[in-house]
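K.L.:
Below you will find the structure I want to go over with you.
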Amino acid sequence: MQQITVGVQGMTCANCSSRVERKLSKLEGVLTANVNLATERAQVSFDENKLTPEGILTTIADSGYEPVTRHANLNIGGMDCASCAQRVGKALMKQVGVLAANVNFASEHAQVEYLPEVIDVPTLEQAVVNAGYSIRETSQNDVHDADERAKLEWQHAKRRAMIAAALALPLFLFEMLPMLIPGGMMWRNQLVPMQTAKLISFVLATLVQFGPGRVFYKAGIASLKAKSPDMNALVMVGTSAAYAYSLVATFLPRVLPEGTVHVYYETSAVIIALVLVGKYMEARSKGRASSAMRQLLGLQAKTARVERDGNPQELPIEAVVPGDVIIVRPGERIPVDGVVQTGQSYVDESMITGEPTPNAKRAGDTVIAGTINKTGSFNFEATAVGAQTVLARIVKLVEDAQGSKVPIQSLGDKVVAVFVPIVMSISLFAFVIWLVVGPAPALNYAMVAAVAVLVVACPCAIGLASPISIMVASGKAANLGVLFRKGDALQTLQQARTFVFDKTGTLTIGKPQLTDIVLSPNTALSEADVLGYAAALEASSEHPIGTAIVAEAEARGLSLQPSTEFEARPGYGVTGTIDGRNIHIGNARLMADVDVSTEALEVSLEQAQEAGKTALYVTVDGQLVAVFAVADRLKPESYEVINHLHQQGYKVALITGDNAVTAKAVGLELGIDHVLAEVLPAGKADAVKSLQQTSKVAFIGDGINDAPALAQADTSLAIGTGTDIAMESADIVLMSGDLRGVVNALDISRKTLNNIKQNYFWAFFYNVLLIPVAAGVFFPAFGVLFSPMLAAAAMGFSDIFVVGNALRLRNLQPTLMAPAAQQVQQPVTASPAY
């Protein structure tokens, strides 16, 4: 029996708690269930053989309430291979109240989901320590802490490798070099008596074995005690066997059978040296794998010029608070998020959004921490500091993605879980077989084969295959403006066969614009006069169409007269008086209501509507003077993106709440395969579900209004711009609003998964091929027996190959790039007809 306490949110009355309690009591395996409304907690006793904590949480959620869980990100030290990560994961999962534990060997982090009512973070940390590892503290104020720690680690690895190599090299040359020279061993034995040579080798090997090599004993013994042997255990057992056999041959030679008195000091010492050299190179490569993250971290300014008491002061970034006014000069990095108050400039936001062109900033515009001011000076008010800035949130999300798993990694995890015990069994089996049927001296052959199997079969390459690629790819993608919030999106995106787009704000700019003005042939007013009257009236309206008309007038530099007697008539339009003249703007219903004939412009209005635009009549003093057409223009890159997806063999669909005429017009213009119009937000999820009957679906929307569809899709992408990033709504966030990010994200996903597959192929191929060779399978036919020293070199090469292959992802470039400068929209011109 097990008892847990779960926090429950959303209960408002006794009926709520009773409902949850009834649902829990009906679960198979539940012995008692007590839900307390006042404390908002559920205490459940259950049979852990029949029910899991996850089942209890699911039942609470199904009751309509929210079970309270927390997430902790533990920074773990001392992990040397994938088996270490497995052991930490098992230790965490054994703790009551832990729901999930994902331990990433490459990033050295553990993401833990737990019940805060049952267990706390210190207890989780203690479980890691009890498993034989350490918890590292990271300073929140020092963004370079992780980088400095990585440098320190590979420096320690380098020092151990150099000491081991310096001691093992003379031993290797002393033992092996004479064998390569005819008569060399006889000459050496005459120069140095055999027993003296053994003693010299003993001293050097002992220094290696218990000097730099003690790291394997420390971690290896801990893994054996935990009944979860790892790479350290393999190296420890293998080298200890060679060292111990040599020790007996040196000091108790009569114990060994005749003809088997040989020493293998150079073998144990060189194996340790080669493994440590490999670990140093691996640590150096892993440090390079996080270079993209270091670039993001390095974007944060150290100080800010803050205006306090009317005087500018240079303050540490930690001292800035929301509401402070900050002064930014040309060439300076913006320290925190904020809104421009005075001044104007161009700001390079490429490291945040991936867009190469600097963006104009003036009063009212937002600025993002980490971006670079290029030309002018301006003052801005701080709105977000510290962990609340866009940059800090991006770094946190990338770290979470780097620590997560893709589905394909489950294969590697299953192999790693049983790999080392199987290898030890193979090593023992090889030893016995060689001892029984091997040629004389059988004991020597048996020991060489057993040690070679132990050393060559390191699970590191398998354990690194997926996480190291995710680590590199997610960091590089963030530099390109593509934020993978979840690591598994790197795999699921490339599996999608249908790409579904929202229209407004995704395929379109998301801001209605006045596209056409058609003057009546019976009016003497100019286009500027008509636009001036209409804009002056619409200035009192909050409708998006009115905003578009006013924006066009302002863009043309027209001065607007104040309006009087303004009236908004929902479903009709707006009316009012400008400079003594009566103005009406609206649809056919409004024109009929005020008794104005529309015959002269009816054809123009109908053509505008067929083109998917919103069309309105404009009258002045009871005379029809013009038709205005307003439309949300397609983003220039929409054509390029849809065409690229079609060329790659993908289906494209459009789901929108707009009317069917507008949606059909957009679909025809872009060549979209399926168009679903007049769909409410809740209905978008059902529309996505229907498309999922035939293929995997990726949904692309603005991340706010499209939340149901984003949640339903197999993979979701949110279009975000600047600080308005919908970071919590989708698997992937395109941080610039450029739709080309969809194609770039797809390409990153495809290349990352291919890279992971290559890593797994090499890791599995390497072990499948070399373990039998090390065991001596090919000796009877070809006389090939793998030297333990070659096995150690091969093991290190395997790890380095996997890491090196993953590092190629640092060279990823956007498949579709935005032009160096966006073309300026042409002003609206008068059109006699559509």
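The values are calculated or read from the model by the stated rules, or taken from the named source; none is laboratory data. Keep in mind the model is a prediction, meaning the values are calculated, not measured. Cβ sites come from the backbone with ideal geometry, for glycine too, and all protein chains shown count toward neighbours. Accessible surface areas use protein heavy atoms only, side chains included; no ligands, DNA or RNA. Shrake-Rupley method; radii C 1.70, N 1.55, O 1.52, S 1.80 Å.
K.L.:
Restricting to the range 24-76, give me the number of residues that are part of a loop (DSSP other than H, G, I, E, B) and hydrophobic (A, V, I, L, M, F, W, C). Before the answer, list the steps.
P.N.:
Filtering the range 24-76 down to residues part of a loop (DSSP other than H, G, I, E, B) leaves 26-29, 37-40, 47-52, 63-65, 69.
With hydrophobic (A, V, I, L, M, F, W, C) added as a condition, the list becomes 27, 37-38, 51.
Qualifying residue count for the region: 4.
K.L.:
Does residue 669 count as at pLDDT below 80 and either closer than 30 Å to residue 607 by Cβ or not in a strand (DSSP E or B) (or both)?
P.N.:
Values: at pLDDT below 80: no; either closer than 30 Å to residue 607 by Cβ or not in a strand (DSSP E or B) (or both): yes.
Answer is no for this residue.
K.L.:
Provide a single number: the residues in the range 20-58 that are open to solvent by 80 Å² or more (accessible area, probe 1.4 Å) and of a type in the set (A, V, I, L, M, F, W, C).
P.N.:
Residues that pass the stated criteria total 2.
K.L.:
Let me ask something else about it. Mind checking which residues of the range 577-594 are open to solvent by 40 Å² or more (accessible area, probe 1.4 Å), among the aliphatic types (A, V, I, L, M) and modelled with pLDDT of 90 or more?
P.N.:
592, 594
K.L.:
What's the number of the only condition in (1) within 53 Å of the chain's Cα centre (by Cα); (2) modelled with pLDDT of 90 or more that residue 636 fails to meet?
P.N.:
It is condition (2) that residue 636 fails.
K.L.:
Further question on the same structure: Can you pull out the residues in the range 59-109 that are open to solvent by less than 40 Å² (accessible area, probe 1.4 Å), touching a residue at least 40 places away in the same chain (Cβ under 8 Å) and of a type in the set (A, V, I, L, M)?
P.N.:
Passing the criteria: 60, 68, 72, 74, 76, 79, 82, 85, 88, 91, 99, 106.
K.L.:
I'd like to check something: does the range 595-617 contain any residue that is assigned to a strand (DSSP E or B), touching a residue at least 24 places away in the same chain (Cβ under 8 Å) and open to solvent by 10 Å² or more (accessible area, probe 1.4 Å)?
P.N.:
Filtering the range 595-617 for residues assigned to a strand (DSSP E or B) gives 614-617.
Within this subset, residues satisfying the condition of being touching a residue at least 24 places away in the same chain (Cβ under 8 Å) are 614, 616-617.
Next, from what is left, pick out any that are open to solvent by 10 Å² or more (accessible area, probe 1.4 Å): 614, 616.
Yes, the range 595-617 has at least one match.
K.L.:
Let me ask something additional. Among the residues of the range 626-636, are any more than 29 Å from residue 517 (Cβ to Cβ) and surrounded by 15 or more Cβ atoms within 10 Å (Cβ to Cβ)? Outline the logic, then answer.
P.N.:
To start, the set of residues in the range 626-636 that are more than 29 Å from residue 517 (Cβ to Cβ) comprises none.
Within the range 626-636, none of the residues are more than 29 Å from residue 517 (Cβ to Cβ) and surrounded by 15 or more Cβ atoms within 10 Å (Cβ to Cβ).
K.L.:
So, one more: Which ones in the range 768-814 are open to solvent by 10 Å² or more (accessible area, probe 1.4 Å), of a type in the set (Val, Ile, Thr) and not in a loop (DSSP other than H, G, I, E, B)?
P.N.:
Answer for the range 768-814, where residues must be open to solvent by 10 Å² or more (accessible area, probe 1.4 Å), of a type in the set (Val, Ile, Thr) and not in a loop (DSSP other than H, G, I, E, B): 768, 771, 773, 800.
K.L.:
Collect the residues in the range 85-136 that are more than 14 Å from residue 70 (Cβ to Cβ), assigned to a helix (DSSP H, G or I) and either among the β-branched types (Val, Ile, Thr) or touching a Cys at 6+ places or on another chain (Cβ under 8 Å) (or both), keeping them in residue-number order.
P.N.:
The answer is 88, 128, 129.
K.L.:
If I ask for residues that are part of a helix (DSSP H, G or I) and open to solvent by 60 Å² or more (accessible area, probe 1.4 Å), which ones from the range 428-448 would you list?
P.N.:
Start the filter on the range 428-448 by keeping residues that are part of a helix (DSSP H, G or I), which leaves 428-437, 442-448.
Across the range 428-448, the qualifying residues are 428, 429, 431, 432, 433, 435, 436, 437, 445.
K.L.:
Where the second residue is aromatic (Phe, Trp, Tyr) and not in a helix (DSSP H, G or I) and the first is under 16 Å from residue 281 (Cβ atoms) and open to solvent by 40 Å² or more (accessible area, probe 1.4 Å) and lies in the range 160-171, which pairs have Cβ atoms under 7 Å and are six or more apart or on separate chains?
P.N.:
Once the first residue is under 16 Å from residue 281 (Cβ atoms) and open to solvent by 40 Å² or more (accessible area, probe 1.4 Å) and sits in the range 160-171, no partner that is aromatic (Phe, Trp, Tyr) and not in a helix (DSSP H, G or I) comes close enough.
K.L.:
Taking the condition of being at pLDDT below 85 and among the small types (Gly, Ala, Ser), how many residues in the range 202-228 meet it?
P.N.:
Counting residues in the range 202-228 that are at pLDDT below 85 and among the small types (Gly, Ala, Ser) gives 6.
The rows are residues; the columns are (1) out of contact with any Lys or Arg (no Cβ under 8 Å at 6 or more places or on another chain); (2) under 23 Å from residue 667 (Cβ atoms); (3) outside any helix (DSSP H, G or I).
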position: 499; (1), (2), (3): no, yes, yes
position: 504; (1), (2), (3): yes, yes, no
position: 510; (1), (2), (3): yes, yes, yes
position: 514; (1), (2), (3): yes, no, yes
position: 517; (1), (2), (3): yes, no, yes
position: 523; (1), (2), (3): yes, no, yes
position: 532; (1), (2), (3): yes, no, no
position: 537; (1), (2), (3): yes, no, no
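Let's see how each residue does on (1) out of contact with any Ser or Thr (no Cβ under 8 Å at 6 or more places or on another chain); (2) open to solvent by less than 10 Å² (accessible area, probe 1.4 Å):
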| position | (1), (2) |
| --- | --- |
| 462 | yes, yes |
| 471 | no, no |
| 508 | no, yes |
| 511 | yes, no |
| 544 | yes, no |
